[in-house]
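The values are calculated or read from the model by the stated rules, or taken from the named source; none is laboratory data. As the structure is a computational prediction, the values presented were derived from the model and not from experiment. FYI the Cβ positions are ideal-geometry reconstructions off the backbone, even for glycines, and counts take in every protein chain you see. Just so you know, the surface numbers come from the protein's heavy atoms only, side chains and all, with ligands and any DNA or RNA stripped out. Shrake-Rupley method; radii C 1.70, N 1.55, O 1.52, S 1.80 Å.
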Amino acid sequence: MNPTSLFGLPEQAAHERVLLATDPATGLKAILAVHSTARGPAFGGCRLWHYESEGAALNDALRLSQGMSLKNALADLPFGGGKAVILKPQGQFDRAALFAAFGRAVQSLNGAYITAEDVGTTTADMRGMQAETSFVSGIPREGAFGGDPSPKTAWGVFVAIQAGARLVLGRTSLDGVRVALQGLGAVGWHLAEFLHQAGARLVVADVDQAKVERAIAQFGAVPANVAEILAADVDVLAPCALGASLNEQTVPTVRAKLIAGAANNQLATAGDGDALQRRGICYLPDYLVNAGGIISVAREYRGEGEEAKVMAEVSKIAERVDELLQRVQTADSTPARVADDWARSKLVRLG
């Protein structure tokens, strides 16, 4: 679904800034979306992906950047929300030159937007951009905290599943809890490790069959078809692939009682969250549970990170799950809508 406006999503406030950046020499076509700087500079990762159209890429950038505003606010970070998408060039391309050009585009915003890795990008890409811009994070740093944030994202989702299992399923541990993992990328794989260590029984699907085979061997996971994983007979569903997987076609097929995953924008529409609630399924909003990565790169960027302290901060996601479900009980609404209102109440100027 394409946006009805170049400046923002339907029925939502306009974005503060949307930059379309091109560089013919490298093939760069990028969209840098700054949703809000109310709490501070917009902070959010950069996605490299093959999009079916430029309109689809714009819609993704707008949805992702708005989600980052809510994510950063709910995590109490001193940053606003932004996101960038790069339309992946067809065929062979010079990756280093592409990201250098993207770094120049980031620099042109003079600190209004800070980037980091996301789907399709790596710590190496971010490191390569440092010659062009200082507004980048998620980079291994000598003698200091930093680097790949995906384990922190996975840990946040894990503690959210723990909290949800206790509050929704009445389970005091994850031992024997059946979890369906959609996607075994960097975050999904780390999440699988955490869940396996906790005794969960895994059902997994990924477009890369080699990752599925590895999960079978390492975790005793049960494989599922990519097209059928959302309907797996499990207790918990963890979408860890791309967004909008929960939609009017898939919601009626979900059998899990709890949904908590790392993918951004899992609901295609707010109405899909309502539909899940009517079916007795508790959906924990993605931007609440997957905030571990942005917490990590934000602390790195501010030069105040330390492994144990950052992990402790990420672990507080479990407390926010608890608070959200308490709010839901008194609000007569869905977790998704209550979380939206809660996050938007925090989109205010700080200090």
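Here are some notes:
- Selected residue (only one of A262, A241, A308, A275 is under 30 Å from I139 (Cβ atoms) and either basic (K, R) or not in a loop (DSSP other than H, G, I, E, B) (or both)): A308
- Residue that is nearest to the chain's Cα centre (by Cα), among those in segment 290-310 that are closer than 19 Å to E117 by Cβ and of a type in the set (A, V, I, L, M, F, W, C): A291
- Residues of segment 58-113 that turn out to be touching a residue at least 12 places away in the same chain (Cβ under 8 Å) and either in contact with a His (Cβ under 6 Å, 6 or more places away or on another chain) or small (G, A, S) (or both), as a count: 21
- Residue list for segment 241-267, restricted to those being free of Cβ contacts under 8 Å to residues at least 60 places away in the same chain and within 25 Å of A192 (Cα to Cα): A241, A244, L246, N247, T250, V251, T253, V254, R255, I259, Q266
- Residue count for segment 130-161, restricted to those that are in contact (Cβ under 8 Å) with a residue 60 or more places away in the chain, outside any loop (DSSP other than H, G, I, E, B) and surrounded by 24 or more Cβ atoms within 10 Å (Cβ to Cβ): 7
- Residues in segment 18-35 that are within 24 Å of L347 (Cα to Cα) and either β-branched (V, I, T) or modelled with pLDDT under 95 (or both): V18, I31, V34.
- Test: G243 is at pLDDT 95 or above and within 29 Å of A75 (Cβ to Cβ): no
- A198 among the small types (G, A, S) and surrounded by 19 or more Cβ atoms within 10 Å (Cβ to Cβ): no
- Residue that is farthest from T123 (Cα to Cα) [pool: residues in segment 285-330 that are among the hydroxyl-bearing types (S, T, Y) and open to solvent by 30 Å² or more (accessible area, probe 1.4 Å)]: T330
- All of V348, V321 fail the test of being of a type in the set (V, I, T) and either out of contact with any helix residue (DSSP H, G or I) (no Cβ under 8 Å at 6 or more places or on another chain) or outside any helix (DSSP H, G or I) (or both), apart from V348.
- Within segment 205-240, being under 21 Å from the mean Cα position of the chain (by Cα) and surrounded by 23 or more Cβ atoms within 10 Å (Cβ to Cβ) holds for A205, D206, I229, L230, V236, L237, A238, P239, C240.
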